[in-house]
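**Student:** Quick one: the structure is below, questions incoming.
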Amino acid sequence: MDTRSRSGAATRNLSGVLIVAVGLLAGGCASTKLGAAGDLGDAGSRSSAKLIAAAAGVEDGFARAIDQDALLQPLQDSTVPPPPGVCSFVGRLTPVATPLPAAGPPSAAIARIEQALAARRMLAVALGKTYAGWTALARYDASGQVSAGVGGVFDAANALRRTEGLGPIPSAVGSIAGAAAGGLAGHAQVAKLKAASVQIRTALAGYREALVKGQGATVSAMRNTIGEQYALTIALWQRGYLSARPLVDSVGETSGLGVPIDDKATMTAADEGLCSAVRAYLETRRNSQEARVARDYQTQIDTVDALIAAHKDFEKDAPLDLDMVAALVDQLNTFATGLSGKK
Amino acid sequence: MDDTPTALDVIEQAWFSIRNNYDRLRQAAPDTGALAKLKTDRDTAKAAYLDTLGKAFDESAASVKKGKADLKAAADTLDADLQDLQNIVAILKLVSSVVTLIGKIAALAG
């Protein structure tokens, strides 16, 4: 072998060693990065689920408010309450001799709002699908599969060499090459995830814009749901159709007290004192809920901001702060269940 | 943040006020004419509120549509990326099978 061929062989060997080394190094970095990507995908999926529930809560709440108003209006129009200054209407309502015909609900406006709310829910669903795709890519074991594939090629090559009377390639070569190829596959996977992260972050910015632009309308729709529930409850309560017994029971339960077993009281608004107390309680609760909805909606925007920040960190290889996302998602939970009217 | 009330804020307040205080307003109505007017006012406030709410949602409709399209594009890219990776793995498995097959044929021929 002349000097030139020895030098060529040495260069080839060095190149091979370098490729294997780069592959193994890339594999180590990629597995950490893929773990982070998986965690980010889980956080994004959980956030999406809560955002879907929140959007569905507003949608369901709006439909419920329309239904409730269809009950409230005729209930109030069919009778005239007693003069001001009393709380309880029980046995004191004067029927209206000739009730006015009920105006139909403005169905075109309602349909338009329902359509807008459904579109907002579908936007959250689209976010969920995107994170499902992200998680599938992050959790796909390309590295393991490629390593196994390369290992399989070496095994097959050895089988072929045996038929030609050649000695087998040492198994160490196969496993190192497999690990190196797997590392390079993992590296390629991370590169794809980083590119996808930029795209998702851009889409999240668009999602955020949609949330901000719809803030006034959505918060108003939520306040309408709360107000309708309050108005109908008060109307039924003051007319004696509801009992305060469950409320008293729950207060007793938390303080270790109970309603007397032999108490025959119905706990309706017929009791003027109880009537006023329950009314004050319902008003306070309504005011507190109305004050909370804008804050809760802001939590949705903050959650999207936290996801955008996490994607930025992922792209620049910084540690991810997913605790913030988790904390916001927990807050979204109370928001979503509050308005849907579903247990 | 701009605290100037929007048209929706104003109309919302009018609707909520008449709905939440409807019984009280009826208690104070002096005659059937006043009751009828109150009912008409309620219907008008409700219709105006829903109409204004619908218009307010319309203002964000374009951004909702764009956001959904962007998210779908991202989801499609991710699907394609995953498909690429799966294809690489599938090709390697195919190569392995082909080499094994050649080995078996060579063994038979030998």
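**Student:** Out of (1) touching a Gly at 6+ places or on another chain (Cβ under 8 Å); (2) more than 30 Å from B:LEU101 (Cα to Cα); (3) of a type in the set (D, E, K, R), the odd one out for A:ASP69 is which?
**Tutor:** It fails just one condition, (1).
**Student:** Out of B:SER96, B:SER17, report the one residue that is in contact with a helix residue (DSSP H, G or I) (Cβ under 9 Å, 6 or more places away or on another chain) and more than 30 Å from A:LEU160 (Cα to Cα). Quick ask: steps written out before the conclusion?
**Tutor:** On the way: B:SER96 fails: more than 30 Å from A:LEU160 (Cα to Cα).
Among B:SER96, B:SER17, only B:SER17 is in contact with a helix residue (DSSP H, G or I) (Cβ under 9 Å, 6 or more places away or on another chain) and more than 30 Å from A:LEU160 (Cα to Cα).
**Student:** Considering only the stretch A:94-108, I want to know if a residue exists there that is outside any loop (DSSP other than H, G, I, E, B) and over 30 Å from A:LEU274 (Cα atoms).
**Tutor:** Our first condition is that a residue be outside any loop (DSSP other than H, G, I, E, B); within the stretch A:94-108, this holds for A:94-95, A:107-108.
In the following step, the residues that additionally are over 30 Å from A:LEU274 (Cα atoms) were identified as A:107-108.
Yes: the stretch A:94-108 contains one or more residues that are outside any loop (DSSP other than H, G, I, E, B) and over 30 Å from A:LEU274 (Cα atoms).
**Student:** Return the residue satisfying two criteria in turn: it lies in the stretch A:132-154 and is closer than 25 Å to B:LEU101 by Cβ and not hydrophobic (A, V, I, L, M, F, W, C), and of such residues it is surrounded by the most Cβ atoms within 10 Å (Cβ to Cβ).
**Tutor:** Only one residue fits best here, namely A:SER147.
**Student:** Go through A:GLN229, A:GLN298, A:GLN289, A:GLN238 for me and flag whichever is farther than 30 Å from A:LYS129 by Cα, open to solvent by 50 Å² or more (accessible area, probe 1.4 Å) and within 12 Å of chain B (Cβ to nearest Cβ).
**Tutor:** A:GLN229
**Student:** Select, from B:ARG19, B:ARG24, the only residue that is in contact with a Pro (Cβ under 9 Å, 6 or more places away or on another chain) and without any contact (Cβ under 8 Å) to a residue 40 or more places away in the chain.
**Tutor:** B:ARG24
**Student:** Pick from the stretch A:113-131 the residues that are open to solvent by 60 Å² or more (accessible area, probe 1.4 Å) and at the interface with another protein chain (Cβ under 8 Å from one of its Cβ atoms): which of them is nearest to A:ARG46 (Cα to Cα)?
**Tutor:** In this case the residue turns out to be A:LYS129.
**Student:** May I ask you to list the residues in the stretch B:73-101 that are open to solvent by 60 Å² or more (accessible area, probe 1.4 Å) and either among the polar types (S, T, N, Q) or under 14 Å from A:SER197 (Cα atoms) (or both)?
**Tutor:** Result: B:ASP76, B:ASP79, B:GLN83, B:GLN86, B:ASN87, B:SER97.
**Student:** Could you run through the stretch A:116-172 and say how many residues are outside any helix (DSSP H, G or I) and touching a residue at least 40 places away in the same chain (Cβ under 8 Å)?
**Tutor:** Here the count works out to 1.
**Student:** Any residue in the stretch B:77-94 that's of a type outside the set (A, V, I, L, M, F, W, C): show its pairings with residues that are surrounded by 13 or more Cβ atoms within 10 Å (Cβ to Cβ) at Cβ separation under 7 Å, as long as the two are six or more apart or on different chains.
**Tutor:** B:THR77/A:ALA196; B:THR77/A:GLN199; B:ASP79/A:GLY133; B:ASP81/A:LEU137; B:ASP81/A:LYS192; B:ASP81/A:ALA196; B:LYS93/A:GLY149; B:LYS93/A:GLY152
**Student:** Another question about this same structure. Collect the residues in the stretch B:15-34 that are farther than 23 Å from A:ARG286 by Cα and within 7 Å of another protein chain (Cβ to nearest Cβ), keeping them in residue-number order.
**Tutor:** B:ALA28
**Student:** Sticking with this structure for a sec: For the stretch A:153-198, which residues satisfy the criterion of being in contact with a Lys or Arg (Cβ under 7 Å, 6 or more places away or on another chain) and modelled with pLDDT of 80 or more?
**Tutor:** The one that is in contact with a Lys or Arg (Cβ under 7 Å, 6 or more places away or on another chain) and modelled with pLDDT of 80 or more: A:VAL190.
**Student:** Only one of A:GLU209, A:GLU253, A:GLU228 is closer than 23 Å to B:ASP23 by Cα and in a helix (DSSP H, G or I); which?
**Tutor:** Numbers: A:GLU209 fails: closer than 23 Å to B:ASP23 by Cα; A:GLU253 fails: closer than 23 Å to B:ASP23 by Cα.
Step by step, each of A:GLU209, A:GLU253, A:GLU228 is checked, and only A:GLU228 is closer than 23 Å to B:ASP23 by Cα and in a helix (DSSP H, G or I).
**Student:** Now, a different point. Hey, among the residues in the stretch A:64-85 that are touching a helix residue (DSSP H, G or I) at 6+ places or on another chain (Cβ under 8 Å) and open to solvent by 40 Å² or more (accessible area, probe 1.4 Å), which one's farthest from the other protein chains (Cβ to nearest Cβ)?
**Tutor:** A:ARG64
**Student:** Exactly one condition in (1) of a type in the set (S, T, N, Q); (2) at pLDDT 95 or above; (3) touching a helix residue (DSSP H, G or I) at 6+ places or on another chain (Cβ under 9 Å) is false for A:THR284; which is it?
**Tutor:** For A:THR284, the exception is condition (3).
**Student:** Based on what the data block shows, is B:ASP3 in a helix (DSSP H, G or I) and free of Cβ contacts under 8 Å to residues at least 24 places away in the same chain?
**Tutor:** Here the answer is no, as B:ASP3 does not meet what is asked.
The values are calculated or read from the model by the stated rules, or taken from the named source; none is laboratory data. Keep in mind that this is a model prediction, so the values were computed, not measured. Glycine also receives a Cβ, built like all others from the backbone with ideal geometry; neighbour counts cover every protein chain displayed. Side chains included, ligands, DNA and RNA excluded: accessible areas come from the protein's heavy atoms. Shrake-Rupley method; radii C 1.70, N 1.55, O 1.52, S 1.80 Å.
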